[in-house]
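Every read-out reported here was derived from the displayed coordinates using simple, explicitly stated rules and does not represent laboratory data. Quick caveat: nothing in here was measured; it's all calculated off a predicted structure. Here the Cβ positions follow ideal geometry from the backbone for every residue, glycine too, while neighbour counts run over all protein chains shown.
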Amino acid sequence: QSALTQPPSVSGSPGQSVTISCTGTSSDVGSYNRVSWYHQAPGTAPKLIIYEVSNRPSGVPDRFSGSKSGNTASLTISGLQTEDEADYYCSSYSSVTTYVFGTGTKVTVL
Amino acid sequence: EVQLLESGGGLVQPGGSLRLSCAASGFSFSSSPMGWVRQAPGKGLEWVSSISGSGSNTYHADSVKGRFAISRDNAKNTLYLQMNSLRAEDTAVYYCSKMASPNYFQFWGQGALVTVSS
């Protein structure tokens with residue numbers, strides 16, 4: 001598998017919630033709780049926002065949450081803010097390719 | 001504060017070689033697995049290579065296996081990526097990353113642009 005599958009884009013109004021899915025296989029997302037999520041603003045380096053499915057690093061707002069069911073992981077942004085407009089990538093450990101990233105999702109705040 | 005500073009990027013002809021360096025500070029370098037992730041212009045993230053804290057274990061994506069080599073000098077707190085037989089499709093921003101519990105990419109550098117073109 002070359003990449004985990006994410007929707008190309010999601011959008012929401014300020015204050016709303018949006019959820020980004022990340023679909024893999026039984027060789028990666030489905031077998032390991034090693035899913036992480038990254039936020040990338042235009043022209044900047046990625047930043048870790050969720051690790052090991054649902055854990056937030058220090059300093060990441062609690063409006064970001066992660067979960068997993070079967071081969072699909074999800075990132076939910078609650079109370080959407082204008083500064084949340086960015087690209088988001090999931091990643092997982094893989095027994096086939098060692099590490100694999102998602103295709104990326106652009107979040108637009110309307 | 002964790003700091004990762006990449007250097008060594010630039011323009012190289014197809015078939016050429018380049019070595020990227022990543023100077024690390026603000027954490028116990030020799031205890032931390034490290035990795036390289038790249039991003040082609042307008043594209044998504046792609047894992048390239050990872051290395052254990054001691055340097056004894058290395059891992060490479062199939063797309064670079066046999067052409068790229070990751071290494072580290074723990075005395076100098078520096079990570080390297082030797083890139084040989086470069087192709088146009090290797091053109092990307094290469095990010096150095098401190099990894100955690102070799103599961104995820106905890107901190108990222110600002111990136112180094114590598115352009116492969118004649």
Seminar exercise, completed: Karplus-derived 3J(HN,Hα) from phi for the stretch B:21-37 (6.51 cos²θ - 1.76 cosθ + 1.60, θ = phi - 60°), whole Hz, x at Gly and Pro, runs 10, 9, 8, 10, 7, x, 7, 7, 4, 5, 9, 10, x, 9, x, 10, 10
Exercise. How do the peptides B:19-26, B:8-15, A:5-12, A:68-75 rank, highest first, by the average count of neighbouring beta carbon atoms within 10 Å per residue?
Worked result: A:68-75, B:19-26, A:5-12, B:8-15
Exercise. With respect to the cross-link table entries A:106/B:43; A:47/B:76; A:106/B:98, which display a Cα-Cα separation exceeding 20 Å?
Worked result: A:47/B:76; A:106/B:98
For this session: Express the relative contact order of chain B as a whole percentage, based on alpha carbon pairs under 8 Å and six or more residues apart in sequence.
Result: 35 percent
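Any idea what the relative contact order of the stretch A:1-65 is, in percent, if you count C-alpha pairs under 8 Å spaced at least 6 apart?
Numbers: 67 pairs, mean separation 12.4, N = 65.
About 19 percent, as a whole number.
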For this session: Quote the FRET efficiency, to the nearest 0.05, computed for residue B:85 versus residue B:57 with a Förster distance R0 of 25 Å and r equal to the Cβ-Cβ distance.
Result: 0.60
Problem set entry | Burial order of peptide ranges B:29-39, B:79-89, B:61-71 (average beta-carbon count within 10 Å, highest first) | B:29-39, B:79-89, B:61-71
Exercise. In terms of modelled amide H atoms, which long-range or inter-chain residues lie less than 5 Å from the amide H of residue B:86?
Worked result: B:15, B:16
Problem set entry | Inter-probe distance in nm under a simple model that places probes 7 Å from Cα toward Cβ, at residue B:67 and residue B:110 | 2.8 nm
Exercise. At what distance in angstrom do the alpha carbon centres of the stretch A:68-110 and the stretch B:7-37 lie from each other?
Worked result: 26 Å
Exercise. Using a simple spin-label model with points 7 Å from Cα along the Cα→Cβ vector, what separation in nm is obtained for residue A:67 and residue B:11?
Worked result: 5.1 nm
